[in-house]
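Below you will find the structure I want to go over with you.
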Amino acid sequence: MTAWSSALPEFNAPIFFENNMLKISDLKVTVDGKAILNGLNLEVGPGEVHAIMGPNGSGKSTLANVIAGRDGYEVTDGSVAFMENDLLEMAPEERAHEGVFLAFQYPVEIPGVANIALLKEGLNAARRHRGEKELDALDFLKLVREKLKLVEMKEEFLYRSVNEGFSGGEKKRNEIFQMAMLEPRLAVLDETDSGLDIDALKIVAGGVNALRSEDRSVILVTHYQRLLDYIVPDYVHVLAGGRIVRSGDKGLALDLEARGYGWIEAGDSATA
Amino acid sequence: MNTAVKELGELVGREYKEGFVTDIEAETLPPGLDESVIRFLSAKKSEPDFILEWRLEAFRRWQQMDKPEWAHVHHDPIDFQAISYYSAPKRDEDRPKSLDEVDPKLIETYNKLGIPLEEQKALAGVAVDAVFDSVSVTTTFKDKLAEAGVIFCPLSEAMANHPELVREYLGSVVPASDNFYAALNSAVFTEGSFVYVPKGVRCPMELSTYFRINALNTGQFERTLIIADEGSYVSYLEGCTAPMRDENQLHAAVVELVAMKDAEIKYSTVQNWYPGDEDGRGGIYNFVTKRGACRGDNAKISWTQVETGSAITWKYPSVLLEGDHSIGEFYSVALTNNCQQADTGTKMVHIGENTSSTIISKGISAGRGQNAYRGLVKVLKGAKGARNYSQCDSLLMGDRCGAHTFPYVEVKNPTATIEHEATTSKIGEDQLFYCRQRGLSEEDAVSMIVNGFCKEVFRELPMEFAVEAQKLLGISLEGAVG
């Protein structure tokens with residue numbers, strides 16, 4: 001018996017938490033009229049790290065984008081509660097202020113806008129939202145320097161235009177750096193490992209691990225189990241056909257690595 | 001705006017009572033333009049005879065000229081006989097008594113720009129009390145300039161006190177018959193600024209029309225003349241980020257710059273005239289002729305402009321590079337939102353040897369705005385070793401606006417080096433979403449992205465102006481997305 005198979009009978013059942021950070025119930029989403037998510041259920045408790053795995057086109061990135069509130073995804077059914085509030089009702093920036101962070105699969109370039117300027121605006125917007133005082137230049141710089149170390153980035157990085165001319169690794173490190181600065185309650189990392197060499201992967205994973213805490217939850221969306229060697233998840237879910245078809249611990253990821261997604265999909269259709 | 005339209009209607013409809021040729025006490029001329037109007041204007045200002053002659057000659061030329069039709073702008077024909085060419089500044093009793101009587105939308109914008117209360121009153125044309133009129137800062141300012149020998153005064157004052165300078169330079173860069181609107185301006189200009197910086201003097205402060213606050217009502221035909229004598233330097237700021245309303249729809253200003261050997265003139269403009277409502281009704285038509293001449297070797301003229309206002313902008317700040325090794329620069333941000341139309345750019349005319357010019361143009365179109373860059377780089381036969389670099393970038397927001405680029409290059413000397421780069425991009429949904437995911441509101445995100453796009457131009461502006469211009473851009477784009 002493998003670890004995942006014991007989770008099989010109740011794969012759509014809630015995963016036992018009193019206070020969920022995130023609760024997704026029967027979520028159905030279409031893009032351009034095409035159904036992508038078909039009744040997805042997921043609960044994430046405080047401090048937990050969940051990995052969402054699945055083959056290309058299974059809806060992983062859709063899930064990440066729906067949580068962050070990107071346009072172009074139509075929720076046709078179901079609900080997403082974040083800290084017991086209706087997340088789907090909130091504008092993207094409100095979600096950010098409430099503590100939802102998305103590390104982008106393809107971080108966007110913004111010519112002429114300094115990295116540090118975007119961060120300062122974002123951080124202070126969230127602070128205003130929480131009724132906190134905006135950070136002055138000195139305190140802000142102090143915080144920035146401390147967080148830069150986490151992802152081993154040089155200070156000159158701050159003054160370059162957002163992601164412009166960054167290497168793939170630099171872009172992903174920049175995402176984790178922003179996460180460190182914004183200190184979210186829920187971080188969704190969308191394919192953060194893609195395009196990284198092993199050294200960059202270690203730095204990125206080190207950054208994420210340093211940010212793990214009892215009151216911060218992480219959803220890792222990934223195609224490969226490699227990332228999970230460095231960021232060890234509490235739970236692993238397999239997404240196929242727009243639903244979570246298997247849930248388990250990190251052993252599930254290893255099985256997937258050994259046997260491929262075809263095995264899950266075949267199993268899924270066999271039971272259906 | 002309604003009151004302004006109404007007042008204009010009243011003025012136009014008013015029956016003419018006095019014989020205006022002799023009565024220079026008249027407050028307002030009835031609509032219409034003929035030689036007697038020009039004589040009246042000249043008499044009103046007690047101008048020297050040579051100015052009157054010059055005006056009349058311009059008027060005769062103008063009558064034979066056709067309105068330019070080549071610009072990429074569309075508007076109803078302008079009836080030049082329906083315009084009143086003189087209107088005295090409003091008397092205090094006709095002005096709003098306090099800010100409470102001013103359009104609240106205007107006040108809201110002032111507040112967003114962080115304009116102090118007293119300044120708001122001045123901008124909105126509120127009758128100000130005597131205490132504010134004698135602003136001490138203006139006095140200090142004048143003393144400092146006098147000490148340096150810099151002349152900075154209304155053009156009419158210069159005609160009276162420095163006629164020799166005016167006679168030598170007025171119309172020497174933009175001749176009276178240069179183009180339709182310049183000819184009209186030469187005939188009927190009412191006021192403007194005059195600057196003379198003597199040899200070797202670095203003007204101790206940035207000169208700004210703001211300090212000529214008493215001359216706010218210079219009206220629609222403004223004329224500015226700036227002369228930087230050998231080895232001198234001056235930086236001049238024109239305009240204001242605060243939205244300016246005016247009951248005159250047509251504005252046709254002329255600006256002439258003369259930079260002698262080793263002199264440098266830096267001319268910065270922020271133009272935010274009323275653009276009209278969302279359907280373009282009531283906006284200002286801004287037809288401006290701006291040109292500078294680098295008269296001596298190593299002279300430098302730099303134009304920086306941020307154009308966010310007016311219903312129609314038609315404007316090509318240019319440089320005649322006459323002296324060897326002289327330098328011309330043009331940095332421009334032009335924004336069109338709603339129904340605004342802009343046809344703007346520059347002309348760089350290389351005449352001397354080893355002259356160089358740089359053109360950086362950033363056009364932003366939103367709403368149904370139409371934005372055209374029109375630029376000419378001309379290298380004459382004798383301009384050995386001329387160099388030009390042009391970069392024209394357009395940013396589109398939404399799918400109902402337009403960006404157009406019309407670069408003209410005429411090269412008569414084979415040693416010239418001309419480079420031209422052009423890009424067009426859209427504000428991406430993905431850029432906006434990225435910023436919002438980091439916590440920025442949609443409007444802040446747009447503002448940040450657009451300001452990033454304009455960075456190369458903003459860094460040419462004096463610091464304070466740049467900060468204001470950034471805010472202004474954000475405000476001008478409010479509601480442009482979503």
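The values are calculated or read from the model by the stated rules, or taken from the named source; none is laboratory data. Because the structure is a prediction, the values reported are computed rather than measured. Ideal geometry is used to build each Cβ from the backbone, glycine not excepted, and the neighbour counts take in all protein chains shown.
Of all residues being β-branched (V, I, T) and under 25 Å from A:G57 (Cα atoms) in the range A:205-236, which is surrounded by the most Cβ atoms within 10 Å (Cβ to Cβ)? Just the residue, please.
Of the residues in the range A:205-236, the ones β-branched (V, I, T) are A:208, A:218-219, A:221-222, A:231-232, A:236.
Applying the additional criterion that residues be under 25 Å from A:G57 (Cα atoms) yields A:218-219, A:221-222, A:231-232, A:236.
On the way: A:V218: 26, A:I219: 26, A:V221: 26, A:T222: 23, A:I231: 22, A:V232: 14, A:V236: 28.
Only one residue tops the list, namely A:V236.
Sticking with this one: Look at the range A:170-198 and say how many of its residues are farther than 25 Å from A:F140 by Cα and touching a Gly at 6+ places or on another chain (Cβ under 8 Å).
Within the range A:170-198, the first condition is being farther than 25 Å from A:F140 by Cα, and the residues that meet it are A:190-198.
This time we only want the ones that are touching a Gly at 6+ places or on another chain (Cβ under 8 Å), so: A:195-197.
Count: 3.
Quick one: which residue in A:A117, A:A96 is farther than 19 Å from A:L189 by Cβ and either within 7 Å of chain B (Cβ to nearest Cβ) or among the small types (G, A, S) (or both)?
Numbers: A:A96 fails: farther than 19 Å from A:L189 by Cβ.
The conditions single out A:A117.
Continuing with the same structure: Among the listed residues B:D444, B:D393, B:D430, identify the single one that is acidic (D, E) and either more than 10 Å from chain A (Cβ to nearest Cβ) or in contact with a strand residue (DSSP E or B) (Cβ under 9 Å, 6 or more places away or on another chain) (or both).
B:D393
Could you please let me know if B:P414 is within 23 Å of the chain's Cα centre (by Cα), more than 18 Å from B:K290 (Cα to Cα) and surrounded by fewer than 24 Cβ atoms within 10 Å (Cβ to Cβ)?
So B:P414 does not fit the description; no.
Here is a check on your reading of the model: is B:E468 in a helix (DSSP H, G or I) and either more than 9 Å from every other protein chain (Cβ to nearest Cβ) or under 30 Å from B:E206 (Cα atoms) (or both)? It would help to see each step written out before you state the result.
Working: in a helix (DSSP H, G or I): yes; either more than 9 Å from every other protein chain (Cβ to nearest Cβ) or under 30 Å from B:E206 (Cα atoms) (or both): yes.
Spelling it out, B:E468 is indeed in a helix (DSSP H, G or I) and either more than 9 Å from every other protein chain (Cβ to nearest Cβ) or under 30 Å from B:E206 (Cα atoms) (or both).
Identify the single condition in (1) surrounded by fewer than 21 Cβ atoms within 10 Å (Cβ to Cβ); (2) within 22 Å of the chain's Cα centre (by Cα); (3) outside any helix (DSSP H, G or I); (4) within 7 Å of chain B (Cβ to nearest Cβ) that A:Q105 does not satisfy, given that it satisfies every other one.
(4)
Still on this model: Which pairs do you get when a residue that is over 26 Å from B:L477 (Cα atoms) and of a type in the set (K, R), found in the range B:381-404, comes within reach of a residue that is modelled with pLDDT of 90 or more and assigned to a strand (DSSP E or B), reach meaning Cβ atoms under 6 angstrom, with the pair 6+ apart or on two chains?
Final answer for the pair search is B:R387/B:S356; B:R387/B:T417.
Being surrounded by 11 or more Cβ atoms within 10 Å (Cβ to Cβ) and either at pLDDT below 65 or under 30 Å from B:A403 (Cβ atoms) (or both) narrows it down to one residue among B:I83, B:I24, B:I107; which is it?
The match here is B:I24.
Conditions tested, residue by residue: (1) closer than 29 Å to A:G260 by Cα; (2) not basic (K, R).
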site: A:R145; (1), (2): no, no
site: A:L148; (1), (2): no, yes
site: A:K154; (1), (2): no, no
site: A:N163; (1), (2): no, yes
site: A:M181; (1), (2): no, yes
site: A:D190; (1), (2): yes, yes
site: A:G206; (1), (2): yes, yes
site: A:A210; (1), (2): no, yes
site: A:H223; (1), (2): yes, yes
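Looking at the range A:63-76, can you tell me whether even one residue there is assigned to a strand (DSSP E or B) and either of a type in the set (S, T, Y) or within 14 Å of chain B (Cβ to nearest Cβ) (or both)?
Yes, the range A:63-76 contains a residue that is assigned to a strand (DSSP E or B) and either of a type in the set (S, T, Y) or within 14 Å of chain B (Cβ to nearest Cβ) (or both).
Let me ask something else. Please find, within the range A:151-180, the residue that is surrounded by the fewest Cβ atoms within 10 Å (Cβ to Cβ) out of those that are polar (S, T, N, Q) and in contact with a strand residue (DSSP E or B) (Cβ under 9 Å, 6 or more places away or on another chain).
A:S161
Any residue at all in the range A:120-136 that's within 11 Å of another protein chain (Cβ to nearest Cβ) and of a type in the set (S, T, N, Q)?
There is at least one residue in the range A:120-136 that is within 11 Å of another protein chain (Cβ to nearest Cβ) and of a type in the set (S, T, N, Q).
A further question follows. For residues that are facing chain B (nearest Cβ under 10 Å) and not in a loop (DSSP other than H, G, I, E, B), scanning just the range A:77-93, find the one that is nearest to the chain's Cα centre (by Cα). Write out each step before concluding.
Just the residues of the range A:77-93 that are facing chain B (nearest Cβ under 10 Å), to begin with: A:91-93.
Applying the additional criterion that residues be not in a loop (DSSP other than H, G, I, E, B) yields A:92-93.
Values: A:P92: 15, A:E93: 16 Å.
Residue satisfying both the conditions and the ranking: A:P92.
Next up: In this structure, does A:N41 turn out to be closer than 25 Å to A:E214 by Cα and part of a strand (DSSP E or B)?
Working: closer than 25 Å to A:E214 by Cα: yes; part of a strand (DSSP E or B): yes.
Criteria met by A:N41.
Okay, next question. Just for the range B:401-415: of the residues that are of a type outside the set (K, R), in contact with a strand residue (DSSP E or B) (Cβ under 7 Å, 6 or more places away or on another chain) and not in a strand (DSSP E or B), which one is farthest from the other protein chains (Cβ to nearest Cβ)?
Per the criteria, the residue is B:N413.
Out of B:R459, B:R387, which single residue is basic (K, R) and modelled with pLDDT of 90 or more? Before you say what the answer is, go through the steps one by one.
Working: B:R459 fails: modelled with pLDDT of 90 or more.
Matching residue, one of B:R459, B:R387: B:R387.
Next question, about the same structure. Inspect the range B:454-462 for any residue being within 7 Å of chain A (Cβ to nearest Cβ) and surrounded by 16 or more Cβ atoms within 10 Å (Cβ to Cβ) and give the result as yes or no.
yes
Starting from the range B:176-188, take each residue that is buried (at least 24 other Cβ atoms within 10 Å of the Cβ) and list its partners that are β-branched (V, I, T), counting only C-beta distances under 6 angstrom and pairs at least six apart or across chains.
B:A182/B:V174; B:A182/B:V254; B:A182/B:T289; B:N185/B:V254; B:A187/B:I38
Do you know which residues across the range A:121-139 are within 24 Å of B:I449 (Cβ to Cβ), of a type outside the set (D, E) and modelled with pLDDT of 90 or more?
We begin by selecting, within the range A:121-139, every residue within 24 Å of B:I449 (Cβ to Cβ); these are A:121-129, A:134-135, A:137.
Narrowing further to those that are of a type outside the set (D, E): A:122-129, A:135, A:137.
Matches in the range A:121-139: A:G122, A:L123, A:N124, A:A125, A:A126, A:R127, A:R128, A:H129.
Quick test for you: out of A:L143, A:L148, A:L135, pick the one residue that is over 30 Å from A:L201 (Cβ atoms) and either surrounded by 14 or more Cβ atoms within 10 Å (Cβ to Cβ) or of a type in the set (F, W, Y) (or both).
Of the residues listed, the single one that is over 30 Å from A:L201 (Cβ atoms) and either surrounded by 14 or more Cβ atoms within 10 Å (Cβ to Cβ) or of a type in the set (F, W, Y) (or both) is A:L135.
For the range B:197-207, give me each residue that is in a strand (DSSP E or B) and in contact with a Leu (Cβ under 6 Å, 6 or more places away or on another chain).
Taking the range B:197-207 first, the residues in a strand (DSSP E or B) are B:197, B:202, B:207.
Across the range B:197-207, there are no qualifying residues.
Could you give every pair whose Cβ atoms fall below 6 Å, whose first residue belongs to the range A:71-100 and is surrounded by fewer than 16 Cβ atoms within 10 Å (Cβ to Cβ), and whose second residue is of a type in the set (K, R) and part of a strand (DSSP E or B), counting only separations of at least 6 or pairs across chains?
Hits for this filter: A:T76/A:K28; A:D77/A:K28.
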